[in-house]
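Right, one structure below, let's go through it.
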Amino acid sequence: MFHLDGTTKRFAGRTALGPITLALPAGKTTVLIGPSGCGKSTLLRLLIGLIDPDSGAVRFDNMPVTSVTARAIRLRVGYVLQDGGLFPHLSARGNVALLVRHLGWPAPKVESRIAELAALARFPTDALDRYPQHLSGGQRQRVGLMRALMLDPDALLLDEPLGALDPLVRAELQDDLREIFRTLGKTVVLVTHDLGEAAFFADRIVLLKDGAIVQAGAPADLWHRPADPFVTRFIQAQRGPQIPAEAA
Amino acid sequence: MKRVALLLLLGLAGCSNRDPETPRVAIGAKKFTESYLLAEMGTSLSRRAGVEAERKDLGSTPTLWLALTQGDIDAYPEYTGTITRQILKDNPADLYAALAVHGIRMSKPFGFRNNYALGMRKDVSAGLGIAKISDLRRLPNLRFRFIDEFLDRPDGWPGLKLAYGLPQTDVKGMNHTLAYAGLVEKSLELTEVYTTDGEIAQHDLLVLEDDRGFFPAYEAVWLYRADLEARLPDVVAQLGRLEGKVTEREMQEMNNRVQVKKDKESDVAGEFLESKGMGRTKSTGDNLATRLGATTVEHLQLVIPSLLAAMLVSIPLGVFASRRLRFGQAVLATTGVLQTIPSLALLLFLMPLTKWLFGSGIGAPTAIAALFLYSLLPIVRNTYTGLTGIAPALRESAEALGLTRWAILWRVELPLAAPTILAGVKTAAVINIGTATLGGFIGAGGYGRPILRGIDKGDIPMMLEGAIPAALMAVVAEAAFGAVEKWIARRRG
Ligand SMILES: Nc1ncnc2c1ncn2[C@@H]1O[C@H](COP(=O)(O)OP(=O)(O)O)[C@@H](O)[C@H]1O
Ligand SMILES: [Mg+2]
């Protein structure tokens, strides 16, 4: 679905990403992982033309991503930011409906689509008229997801969607999200820095370091066939809980 | 809601339209009692020629001269000394010919002079043995207080000192009214006076004889446009009836009645005309409520159009400034500089421009143009601040949704910046309501008229008649905008 071909991005002369060559297969969930600052968000932004590459190409569905095609592509790709990226001047409903109202959808169609998505995202309908400040973190994330799915896009990009949530809410949302991805069968690109979360979602994991791919493959590959000592260190750095021994 | 506002505006604009058939003349007045009185007589006399006549209260000599030459007013009372020294800056042999070059004519003198002179308490001067200016040379320790302008003008203190060889060193600047008070209390011995000042009679002061003829003659005359003679000869004839009819004593008394007894200048002028057999226009039966109603409508006619025009220009300008940072800095700097121009200077600068644009250099258009310029900065600055302060993640969200640039601006950025922009409009409105009192300088009416007139006459109730409603209007505007802000904030939680 997405192709990067020798793509690089520089900020103020420093290379932030690339050169990267990568294919993101349709209907699969790809997880981008790596230490912070390694270029995950940059890669995501390149995919829908929020920024332009300095060299190399980006394609979506065999269409080059340029300033001319970007808007059409964005209408076919949903994008979810940490904390939802919701607009504070609009209610949950207003946020979800913003784009389609602009596109001129009739009100009944908008309402039935919102009802459908609220059920899918398990968002309580009586909270639809609340403003983002009055929603919980998890609810905001669900609204962000509904907004991204409104036009039934081909692909879904999520940039650390669960990063700001407490563990219980996070676990619940992880379950719901994976369920939704499986039901809808969309191409998903999800960014996280949590290896457990990556393994939970991923058909394929791409591990980045300093703007370059260290290893890309099935989750099991990273555990069992690390391509680099960095991969091993990265895996070991993510520790599970250390259970203290019970006193005899 | 929008329609109501529009109707209101049209209604306000409509109020100032009059019957275009009857010929109209405008008589200018400077910002002091004597000028008001003479201009009041001028309007009364003009009405007797069957035209609609209106008094236009304008600021100072340069404003009146500009208004007369560009045709905003038809005539105004002036003094020969001012014509030669301040307007022409020349002493031509033939004053009539020199004025004709500018398309202006001059009437014969009214009969009184309003000269500069020096005044003292009679008991003090008698005690010191002073009757004429040259007597002052013997007494170097006298305390002299003059208005600042007199201290600077070559035909004021510097020239006087030179012409008479005066030795006094305790010479300082002081407000005219305060100097009179100081003279009476004997905290000073001498000040400059205008020979028709009402205070001379009130305090029974001695006017020292100008025994070396230093001060020029300030004969009161009409200045009027040459085309008035052709258009409305009857008006010129009526104005001419004042020639040779007003004595110094009479003028002093009239000034005294307005300045000290707080009589209405229209009544004083009317009674004088009646006493001279030039008829009398009936006193206009106005009361506080009708006066307040009229000044409030006039004030709103200045504030609302200028504020709306400023919003229409500033918000797009602020949007553009937030997109192009270099341009933005230039816009903010320019509107900032506009804000610092003193209002009188700005009005003088705008008069020819508004004459060219709207056909009139005085009155509401000029005041509105000035208020418009003063209102730009707060709105531009807040629009710019509001837009540049939007979190990058929100802007990215909007872009990623696939909205067009315009839709992002219209549906996301402007609503997000709205509270900040609204705060800018509120600031502009409050400043605007206060600044609109400058309308008093330029014949645009509004609360500025009673304020300036009241300050000038030392008439505090009259001043408050403008100042209190202006303050109230500012408070109401502030509260109204505050309510809208609160409503928005409540909606967003
Ligand atoms: N708009 C930008 N301007 C300058 N530098 C940037 C910008 N965006 C990202 N960078 C830099 O590029 C690198 C990669 O950033 P990013 O893609 O956000 O990393 P990640 O999402 O993996 O934490 C970082 O060093 C970051 O500082
Ligand atoms: Mg990131």
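The values are calculated or read from the model by the stated rules, or taken from the named source; none is laboratory data. Just so it is clear, the model here is predicted, and its values are computed rather than measured. All Cβ positions, even for glycine, are placed from backbone atoms using ideal geometry, and neighbour counts span all protein chains on display. Protein only, heavy atoms only, side chains kept; ligands, DNA and RNA dropped before computing areas. Shrake-Rupley method; radii C 1.70, N 1.55, O 1.52, S 1.80 Å.
The table that follows gives values for the structure above.
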| item | result |
| --- | --- |
| Selection within the stretch A:45-71 - open to solvent by less than 50 Å² (accessible area, probe 1.4 Å), within 16 Å of ligand 1 (Cβ to nearest atom) and outside any strand (DSSP E or B) | A:46, A:47, A:48, A:49, A:50, A:51, A:53 |
| Residue A:84 vs. criteria in a helix (DSSP H, G or I), open to solvent by less than 10 Å² (accessible area, probe 1.4 Å) and facing chain B (nearest Cβ under 9 Å) | yes |
| Long-range neighbours under 6 Å by Cβ, at least six apart or interchain, first residue closer than 14 Å to residue A:155 by Cα and assigned by TED's automatic domain parsing to the domain that holds residue A:3 within the stretch A:36-49, second of a type in the set (Asp, Glu) and within 9 Å of ligand 2 (Cβ to nearest atom) | A:44/A:159 |
| Candidate set from the stretch B:102-119 (those that are of a type in the set (D, E, K, R) and outside any loop (DSSP other than H, G, I, E, B)); member that is surrounded by the most Cβ atoms within 10 Å (Cβ to Cβ) | B:113 |
| The stretch A:5-44 - residue that is near ligand 1 (Cβ under 10 Å from one of its atoms) and polar (S, T, N, Q) and, of those, surrounded by the fewest Cβ atoms within 10 Å (Cβ to Cβ) | A:36 |
| Helices (runs of 4 or more DSSP H) contained entirely in the stretch B:375-486, each with at least 1 residues that are closer than 24 Å to residue B:315 by Cβ, within 14 Å of chain A (Cβ to nearest Cβ) and of a type in the set (Gly, Ala, Ser) | B:392-401, B:414-435 |
| The stretch A:157-186, subset part of a loop (DSSP other than H, G, I, E, B) and crowded, with 16+ Cβ neighbours inside 10 Å, residue farthest from ligand 1 (Cβ to nearest atom) | A:186 |
| Among residues of the stretch A:92-110, those that are within 13 Å of chain B (Cβ to nearest Cβ) and open to solvent by less than 20 Å² (accessible area, probe 1.4 Å), counted | 8 |
| Residues that are more than 16 Å from ligand 2 (Cβ to nearest atom) and more than 14 Å from chain B (Cβ to nearest Cβ), drawn from the stretch A:35-57 | A:53, A:54, A:55, A:56, A:57 |
| Residue in the stretch B:216-234 that is open to solvent by 60 Å² or more (accessible area, probe 1.4 Å) and either part of a strand (DSSP E or B) or outside the structural domain of residue B:98 (by TED's automatic domain parsing) (or both) present | no |
| Single condition residue A:123 does not satisfy, out of (1) within 15 Å of the chain's Cα centre (by Cα); (2) part of a loop (DSSP other than H, G, I, E, B) | (1) |
| Given (1) in contact with a Lys or Arg (Cβ under 9 Å, 6 or more places away or on another chain); (2) surrounded by fewer than 20 Cβ atoms within 10 Å (Cβ to Cβ); (3) within 14 Å of chain B (Cβ to nearest Cβ), index of the condition residue A:122 fails | (3) |
| Any hit, the stretch A:137-150, residues being within 16 Å of ligand 2 (Cβ to nearest atom), touching a residue at least 24 places away in the same chain (Cβ under 8 Å) and not in a helix (DSSP H, G or I) | no |
| Of residues in the stretch B:143-196 being surrounded by 18 or more Cβ atoms within 10 Å (Cβ to Cβ) and of a type in the set (Asp, Glu), the one farthest from residue B:215 (Cα to Cα) | B:189 |
| Residue match in the stretch A:58-78 (condition: among the β-branched types (Val, Ile, Thr), away from chain B (no Cβ under 14 Å) and away from ligand 2 (no atom under 16 Å from the Cβ)) | yes |
| Residues satisfying the stated conditions in the stretch B:61-97, i.e. more than 15 Å from residue B:366 (Cβ to Cβ), of a type in the set (Ser, Thr, Tyr) and not in a strand (DSSP E or B) | B:61, B:69, B:80, B:82, B:84, B:96 |
| Subset of the stretch B:126-165 [at pLDDT 90 or above, assigned to a loop (DSSP other than H, G, I, E, B) and closer than 17 Å to residue B:207 by Cα] | B:129, B:130, B:131, B:142, B:143 |
| Breaking point among (1) in a strand (DSSP E or B); (2) more than 16 Å from ligand 2 (Cβ to nearest atom); (3) within 14 Å of residue A:157 (Cβ to Cβ), for residue A:32 | (2) |
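Yes/no matrix, rows are residues, columns are (1) touching a Cys at 6+ places or on another chain (Cβ under 7 Å); (2) of a type outside the set (Lys, Arg); (3) closer than 23 Å to residue B:64 by Cα:
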position: B:365; (1), (2), (3): no, yes, yes
position: B:375; (1), (2), (3): no, yes, no
position: B:381; (1), (2), (3): no, no, no
position: B:398; (1), (2), (3): no, yes, no
position: B:411; (1), (2), (3): no, no, no
position: B:425; (1), (2), (3): no, yes, no
position: B:429; (1), (2), (3): no, yes, no
position: B:443; (1), (2), (3): no, yes, yes
position: B:449; (1), (2), (3): no, no, yes
